[in-house]
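A short worksheet on the structure shown next.
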Amino acid sequence: MTMTDYYTLGDPVADTKAPDGPIETRWERRRFGAKLVNPANKRKLTVLVVGTGLAGGSAAATLGELGYQVKSYCYQDSPRRAHSIAAQGGINAAKNYRNDGDSVHRLFYDTVKGGDFRSRESNVHRLAQISTQIIDQCVAQGVPFAREYGGLLDTRSFGGAQVSRTFYARGQTGQQLLLGAYQALERQIAAGTVTMHDRHEMLELIIVDGRARGIVVRDLVTGEISTEFADAVVLASGGYGNVFFLSTNAKGCNVTASWRAHRKGALFANPCYTQIHPTCIPVSGDHQSKLTLMSESLRNDGRVWVPKAKGDDRVPADIPEDERDYYLERIYPAFGNLVPRDIASRAAKNVCDEGRGVGPGGLGVYLDFAAAIGRLGRDAVEAKYGNLFEMYERITGEDPYSTPMRIYPAVHYTMGGLWVDYDLQSTIPGLFVIGEANFSDHGANRLGASALMQGLADGYFVLPNTIGDYLAAGPFPKLDGENAEVAEARKLVEDRIEKLLSINGDRTVDSIHRELGRIMWEYCGMERTDAGLRKAISEIRELKAEFWQRAKVPGDGEGLNQSLERAGRVADFFELAELMCIDALHREESCGGHFRAESQTEEGEAERDDERFSYVAAWEFGGDLPVLHKEELTFDYVHPSQRSYK
Amino acid sequence: MSLKLRIWRQADAADKGSMVTYQLQNVSPDMSFLEMLDVLNERLTLDGEDPVAFDHDCREGICGMCSLVINGIPHGPEKATTTCQLHMRHFSDGQTIDIEPWRAAAFPVVKDLVVDRRAFDKIIQAGGYISAPTGSAPDAHATPVPKADADLAFEAATCIGCGACVAACPNGSGMLFTAAKITHLGLMPQGQPERNTRVIDMINAHDEAGFGGCTNTGECTSVCPKGIPLETISRLNKDYRQALRAAS
């Protein structure tokens with residue numbers, strides 16, 4: 001098949017909200033240019049926020065503080081459980097408290113470069129500017145960051161940066177930041193500005209007269225379907241890594257909210273940009289239900305190595321120094337073990353492909369702390385990483401103080417997401433998308449400790465400022481269930497649930513999802529090829545048909561039915577998987593987390609093709625034939641160069 | 001290994017519920033406890049039976065959603081370990097394992113092993129925060145925090161809100177959970193202005209939500225997957241007395 005059998009080309013798309021002129025003042029000028037909503041009117045405006053992670057939790061709390069009527073939704077039993085909680089390493093901020101040469105411009109530069117020149121300069125610069133306010137905000141909330149003996153905040157360095165700008169709370173930074181946002185949210189719930197709907201899942205977007213006006217949700221406990229109306233809808237529903245079945249995402253993470261909006265017209269940008277995290281605990285067997293990350297911060301003190309010889313199956317302690325290959329230090333002397341994630345992951349894959357991997361199946365490399373323990377002492381290493389070491393031992397039964405950890409890459413984060421402009425508004429008026437669910441700031445690869453930064457920047461500072469510009473035109477006309485568009489959205493949800501329950505086949509949803517995950521990991525994982533992606537697309541289409549004929553979803557729609565929840569999510573993953581592969585197929589270059597085997601340098605590094613691919617690929621839903629809209633990327637401040645960490 | 005599982009089945013909040021026995025073969029010691037339940041549920045699904053409902057999400061011991069009483073102990077036999085991080089290598093071939101939901105007046109059963117823990121959110125709503133509206137913060141280094149205080153606050157703040165403490169307590173008390181938050185915020189300089197009102201409001205909310213009183217049995221801390229120490233309750237009591245004095 002030719003390329004045109006997979007997609008068609010539509011009109012270009014552009015971000016019209018970021019002002020021109022000096023990048024340093026764009027955010028300030030945008031805020032000044034945005035319309036304001038007076039306090040009395042805010043009370044008359046309702047905003048729905050789907051998801052309660054760092055982005056959604058902070059946004060709902062802040063919108064509540066501003067005086068809007070906010071309704072917040074999460075599928076978990078409490079907003080405190082959103083998967084941001086599992087982020088370990090830290091949060092970047094250009095505070096330059098270390099006096100080590102950091103600045104807003106350097107964080108901006110590192111992030112654009114780290115994203116392999118596939119992100120928007122305006123957005124990234126704003127993110128770097130806001131980073132310092134986030135730390136101030138979180139400290140004021142009582143987030144217990146790590147501190148030095150003088151009582152000031154401690155920082156550490158992270159992959160892709162040569163300055164120490166990562167603030168952290170042992171290995172639980174995400175937990176502490178999320179609890180800060182959660183507590184701010186609970187304060188607003190008590191104040192009556194936010195109403196919380198836990199154990200609710202968004203299953204459809206309601207669009208009336210071209211504007212996002214509400215959502216259809218299912219109460220996961222009673223099974224009741226209801227329609228919720230508002231003046232604007234904010235999706236903060238996270239990433240879609242679980243399309244791979246095995247990932248570091250929580251089991252419930254899903255693409256449904258984003259995908260339903262996509263089907264209703266929101267463009268989906270760069271779906272193929274997936275981050276494979278280099279330091280995860282390897283798979284132990286077919287029963288594996290998820291993968292566990294070991295924070296990237298471990299690479300500050302851990303040294304990555306494999307045996308020099310193929311098939312060397314001695315225990316690590318028996319392999320002498322001169323028979324070990326510290327391959328990251330060897331290949332990338334300037335950054336060593338701290339190269340960005342995509343590079344570290346692919347390097348691990350390469351040594352394993354050479355037959356030098358360690359552990360069961362040869363799918364692992366060592367992460368060794370012997371040198372750090374020798375240099376700093378066991379206590380110092382324990383103080384920094386104690387909880388991570390414990391977690392490792394609990395899962396594997398091995399003690400990382402005495403034997404090196406075994407690690408292998410796993411799907412961790414998705415840079416792609418719904419397309420948004422500088423205001424974080426999607427192509428559907430009134431639909432805003434924040435956090436991992438949007439695509440805007442990380443380009444083709446996210447740097448470590450930048451997800452927490454982006455989630456909180458979007459939720460605390462960007463969205464609450466930009467959404468007013470849209471809401472100033474409201475309140476919009478009242479709606480009820482009689483409205484044809486509302487009734488249609490509701491029927492769509494009810495029909496789909498009925499369809500899923502009526503298949504009554506002979507395969508479990510999980511078994512089909514696992515198979516989808518294997519296809520994606522094999523052909524749309526760390527290395528992608530033209531032939532592989534074509535094969536993947538046809539296999540996904542066959543498997544999707546099988547899902548709708550053979551899936552067995554027990555029980556009914558009345559009441560708690562976890563199998564039904566999973567089935568709906570997997571059905572959407574199938575459609576997303578196809579689009580991811582089509583996006584990966586069309587992008588005949590390597591960039592960041594997207595490595596096309598056909599596009600590499602002689603040394604095996606990713607080779608971008610700026611002439612042809614310096615754009616955001618924003619896809620319009622078209623079933624088997626999506627429509628590609630290109631947003632050209634321009635770089636006025638950071639000149640695109642081949643990334644080098646050597 | 002093969003196991004005999006006795007699992008609490010309850011169709012919904014109104015149902016009376018009972019223990020049901022299942023045999024499960026070919027359990028790998030490398031499986032997590034929840035992966036073992038996944039295998040059981042796959043089989044039940046194909047057999048046309050209703051799979052067992054249980055709460056879980058991150059499966060890496062941090063979200064606090066998983067919640068099983070295993071052989072009478074919340075989160076099972078391993079110290080400082082959530083159910084999702086418990087592995088089958090800690091059980092033996094032929095063993096009988098009882099699996100029940102959290103049982104406490106404040107945590108009604110929703111279905112099977114799933115309970116409603118929103119009472120915890122109510123306690124936080126009553127004062128488990130520092131009022132710092134977005135945008136109002138001074139520079140992060142404006143107020144240094146002694147490292148010892150920051151470290152102690154962090155330890156208390158690692159509470160994952162799972163509710164094992166309540167499930168273990170003979171009184172169904174949520175005092176360890178409440179005290180962890182009081183301790184965390186009370187140790188931070190930013191938490192001082194609301195310190196007195198916070199402790200009184202949170203304890204009132206705790207009692208109103210149907211949790212029992214604390215009688216210092218210490219069962220809570222022994223099952224806490226994050227090892228929140230019993231001293232946090234002493235800190236809470238001290239703060240409470242101080243707040244009452246200040247109020248009178």
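The values are calculated or read from the model by the stated rules, or taken from the named source; none is laboratory data. All values derive from a computational prediction rather than experimental measurement. Don't worry about glycine lacking a Cβ; one is built from the backbone with ideal geometry, like all the others, and counts go over all protein chains shown.
Values computed for the structure shown
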{"quantity": "Options B:ALA168, B:ALA180, B:ALA164: the member that is surrounded by 18 or more Cβ atoms within 10 Å (Cβ to Cβ), under 18 Å from A:ALA169 (Cβ atoms) and not assigned by TED's automatic domain parsing to the domain that holds B:ASN71", "calculated": "B:ALA180"}
{"quantity": "Of all residues making up the stretch A:503-560, the number that are in a loop (DSSP other than H, G, I, E, B), within 14 Å of chain B (Cβ to nearest Cβ) and among the polar types (S, T, N, Q)", "calculated": "1"}
{"quantity": "The stretch A:353-382, subset closer than 28 Å to B:ARG89 by Cα and part of a helix (DSSP H, G or I), residue farthest from the other protein chains (Cβ to nearest Cβ)", "calculated": "A:ALA370"}
{"quantity": "Some residue of the stretch A:462-479 being part of a helix (DSSP H, G or I) and more than 14 Å from A:VAL47 (Cβ to Cβ)", "calculated": "yes"}
{"quantity": "Selection count, the stretch A:9-47, where residues are farther than 19 Å from A:ASN123 by Cα, among the polar types (S, T, N, Q) and in a helix (DSSP H, G or I)", "calculated": "1"}
{"quantity": "Complete set of residues in the stretch A:579-626 that are of a type in the set (Asp, Glu), assigned to a loop (DSSP other than H, G, I, E, B) and touching a residue at least 24 places away in the same chain (Cβ under 8 Å)", "calculated": "A:GLU588, A:GLU589, A:GLU598, A:GLU605, A:GLU607, A:ASP624"}
{"quantity": "Conditions (1) more than 13 Å from B:GLY174 (Cβ to Cβ); (2) touching a residue at least 40 places away in the same chain (Cβ under 8 Å): number failed by B:ARG241", "calculated": "(2)"}
{"quantity": "Residues (exposed (fewer than 12 other Cβ atoms within 10 Å of the Cβ) and more than 22 Å from A:VAL112 (Cβ to Cβ)) located in the stretch A:315-352", "calculated": "A:VAL315, A:ALA317, A:ASP318, A:PRO320, A:GLU321, A:ASP322, A:ARG330, A:PRO333"}
{"quantity": "Residue within the stretch B:137-145 that is more than 7 Å from chain A (Cβ to nearest Cβ), surrounded by 21 or more Cβ atoms within 10 Å (Cβ to Cβ) and of a type in the set (S, T, N, Q) present", "calculated": "no"}
{"quantity": "One residue from A:HIS83, A:HIS125 being buried (at least 24 other Cβ atoms within 10 Å of the Cβ), touching a residue at least 24 places away in the same chain (Cβ under 8 Å), at the interface with another protein chain (Cβ under 9 Å from one of its Cβ atoms) and more than 18 Å from B:HIS141 (Cα to Cα)", "calculated": "A:HIS83"}
{"quantity": "Enumeration of residues in the stretch A:134-164 that are of a type outside the set (Phe, Trp, Tyr), within 13 Å of another protein chain (Cβ to nearest Cβ) and assigned to a loop (DSSP other than H, G, I, E, B)", "calculated": "A:GLN141, A:GLY142, A:VAL143, A:PRO144, A:ALA146, A:GLU148, A:GLY150, A:GLY151, A:LEU152, A:ASP154"}
{"quantity": "Options B:THR134, B:THR158, B:THR183: the member that is β-branched (Val, Ile, Thr) and more than 7 Å from every other protein chain (Cβ to nearest Cβ)", "calculated": "B:THR183"}
{"quantity": "Sole residue being within 20 Å of A:TRP259 (Cα to Cα), touching a residue at least 12 places away in the same chain (Cβ under 8 Å) and among the β-branched types (Val, Ile, Thr), chosen from A:ILE503, A:ILE497", "calculated": "A:ILE497"}
{"quantity": "Identity of the residue in the stretch B:49-76, farther than 23 Å from A:GLU393 by Cβ and at the interface with chain A (Cβ under 7 Å from one of its Cβ atoms), that ends up surrounded by the fewest Cβ atoms within 10 Å (Cβ to Cβ)", "calculated": "B:ASP50"}
{"quantity": "Subset tally (residues that are within 27 Å of A:ARG213 (Cβ to Cβ), in contact with a helix residue (DSSP H, G or I) (Cβ under 8 Å, 6 or more places away or on another chain) and assigned to a loop (DSSP other than H, G, I, E, B)) for the stretch A:409-445", "calculated": "10"}
{"quantity": "Subset of the stretch B:18-38 (residues that are in contact (Cβ under 8 Å) with a residue 12 or more places away in the chain, within 21 Å of B:SER67 (Cβ to Cβ) and either among the hydroxyl-bearing types (Ser, Thr, Tyr) or surrounded by fewer than 17 Cβ atoms within 10 Å (Cβ to Cβ) (or both))", "calculated": "B:MET19, B:VAL20, B:TYR22, B:LEU24, B:SER32"}
{"quantity": "A:GLU482 being closer than 30 Å to A:ARG43 by Cα, acidic (Asp, Glu) and without any contact (Cβ under 8 Å) to a residue 60 or more places away in the chain", "calculated": "yes"}
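Yes or no, residue by residue, for (1) among the hydrophobic types (A, V, I, L, M, F, W, C); (2) without any contact (Cβ under 8 Å) to a residue 60 or more places away in the chain; (3) in contact with a Lys or Arg (Cβ under 6 Å, 6 or more places away or on another chain):
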position: A:THR227; (1), (2), (3): no, no, yes
position: A:GLY238; (1), (2), (3): no, no, no
position: A:ASN242; (1), (2), (3): no, no, no
position: A:SER247; (1), (2), (3): no, no, no
position: A:ASN254; (1), (2), (3): no, no, yes
position: A:CYS272; (1), (2), (3): yes, no, no
position: A:SER289; (1), (2), (3): no, yes, no
position: A:SER295; (1), (2), (3): no, no, no
position: A:ARG299; (1), (2), (3): no, no, no
